[in-house]
1. Is it the case, given these coordinates, that A:Ile47 is over 17 Å from B:Thr100 (Cβ atoms) and under 13 Å from the mean Cα position of the chain (by Cα)?
2. What number of residues within the stretch A:52-66 satisfy the criterion of being within 14 Å of the chain's Cα centre (by Cα) and touching a residue at least 12 places away in the same chain (Cβ under 8 Å)?
3. In the stretch A:81-102, how many are buried (at least 22 other Cβ atoms within 10 Å of the Cβ) and either more than 17 Å from the chain's Cα centre (by Cα) or more than 17 Å from A:Ala24 (Cα to Cα) (or both)?
4. Could you tell me which residue of the stretch B:9-66 is nearest to B:Leu78 (Cα to Cα), considering only residues that are among the polar types (S, T, N, Q) and either touching a Gly at 6+ places or on another chain (Cβ under 7 Å) or part of a loop (DSSP other than H, G, I, E, B) (or both)?
5. What single numbered condition from (1) more than 10 Å from the chain's Cα centre (by Cα); (2) under 21 Å from A:Trp35 (Cβ atoms) fails to hold for B:Leu45?
6. Going by the conditions given, is B:Leu78 open to solvent by less than 10 Å² (accessible area, probe 1.4 Å), within 18 Å of B:Arg9 (Cα to Cα) and in contact with a helix residue (DSSP H, G or I) (Cβ under 9 Å, 6 or more places away or on another chain)?
7. Could you list, in sequence order, the residues of the stretch A:5-56 that are open to solvent by 70 Å² or more (accessible area, probe 1.4 Å), of a type in the set (D, E, K, R) and in a loop (DSSP other than H, G, I, E, B)?
8. May I ask you to list the residues in the stretch B:92-112 that are over 22 Å from A:Ile48 (Cβ atoms), more than 8 Å from every other protein chain (Cβ to nearest Cβ) and part of a strand (DSSP E or B)?
Amino acid sequence: GESVGLHLPTLSVQEGDNSIINCAYSNSASDYFIWYKQESGKGPQFIIDIRSNMDKRQGQRVTVLLNKTVKHLSLQIAATQPGDSAVYFCAEISAEYGNKLVFGAGTILRVKS
Amino acid sequence: DAGITQSPRHKVTETGTPVTLRCHQTENHRYMYWYRQDPGHGLRLIHYSYGVKDTDKGEVSDGYSVSRSKTEDFLLTLESATSSQTSVYFCAIRTELVETQYFGPGTRLLVL
């Protein structure tokens, strides 16, 4: 697979446990945030998004929390499964960046069976 | 992969040769993007397009050019490949209505 995971923080969780992946973003003016999942050898896959006028958004087994005060984003995965093992990226958009996506470095999630 | 294909999927080339990567979409989206992904740098925008013949530079555009002569195809060209351009290249599309980008499967390029 690709070596995109070199030097990335790693979160190891037991199958069935909940996972929390964190992301600190840089621009207080960012108004839209996205979480992506990237499996080895594949392109990033959209998971969930949230706008800056929200604090929380839920999807299927995933929840994104946004704390604008400390510029922090988190992705919670309930009942983590082996298929959740991947690299997870947060991305932000702001007018200051010309409405382009700016990606974080990523976090590796390893699920132990 | 949201109707996005990339070709080739893998390529090995020599320094100084020209290389063209193709991104093809089937859903007539207006916005298309080229990124490169490298360890320690994450995904970085090379060029993007906001319509046929409308393109602009991203943060790492040096050494790359793009063309979009029809809605469905966005081409990335390395005029004279260098070893620093060894990377995995991803194409992405975006709809008119939301900012979310959807990515293709990637092209792994090795420049020797």
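The values are calculated or read from the model by the stated rules, or taken from the named source; none is laboratory data. Please read all numbers here as calculations on a predicted model, not as lab measurements. Neighbour counts run over all protein chains shown; Cβ positions are idealised from the backbone, glycine included. The area values use the complete protein model at the heavy-atom level, side chains included, leaving out ligands, DNA and RNA. Shrake-Rupley method; radii C 1.70, N 1.55, O 1.52, S 1.80 Å.
1. Values: over 17 Å from B:Thr100 (Cβ atoms): no; under 13 Å from the mean Cα position of the chain (by Cα): yes.
No: the conditions fail for A:Ile47.
2. Initially, the stretch A:52-66 is screened for residues within 14 Å of the chain's Cα centre (by Cα), giving A:56-59, A:61-66.
With the extra rule that they be touching a residue at least 12 places away in the same chain (Cβ under 8 Å), the set shrinks to A:59, A:61-64, A:66.
Final tally of qualifying residues: 6.
3. Qualifying residue count for the region: 1.
4. Taking the stretch B:9-66 and keeping what is among the polar types (S, T, N, Q), we get B:13, B:15, B:17, B:20, B:25-26, B:28, B:37, B:49, B:55, B:61, B:65.
Retained after the next criterion (residues that are either touching a Gly at 6+ places or on another chain (Cβ under 7 Å) or part of a loop (DSSP other than H, G, I, E, B) (or both)): B:15, B:17, B:25-26, B:28, B:61.
Values: B:Thr15: 10, B:Thr17: 8, B:Gln25: 21, B:Thr26: 24, B:Asn28: 25, B:Ser61: 10 Å.
Looking at residues that are among the polar types (S, T, N, Q) and either touching a Gly at 6+ places or on another chain (Cβ under 7 Å) or part of a loop (DSSP other than H, G, I, E, B) (or both), I get B:Thr17.
5. For B:Leu45, the exception is condition (1).
6. Working: open to solvent by less than 10 Å² (accessible area, probe 1.4 Å): yes; within 18 Å of B:Arg9 (Cα to Cα): yes; in contact with a helix residue (DSSP H, G or I) (Cβ under 9 Å, 6 or more places away or on another chain): yes.
Yes; evaluated as a whole, the condition is true for this residue.
7. Taking the stretch A:5-56 first, the residues open to solvent by 70 Å² or more (accessible area, probe 1.4 Å) are A:6-7, A:9-10, A:14-15, A:17-18, A:20, A:22, A:24, A:26, A:28, A:40, A:42, A:45, A:51, A:53, A:55-56.
Subsequent filtering for residues that are of a type in the set (D, E, K, R) retains A:15, A:17, A:42, A:51, A:55-56.
Result: A:Glu15, A:Asp17, A:Lys42, A:Asp55.
8. Correct list: B:Thr107, B:Leu109, B:Leu110, B:Val111.
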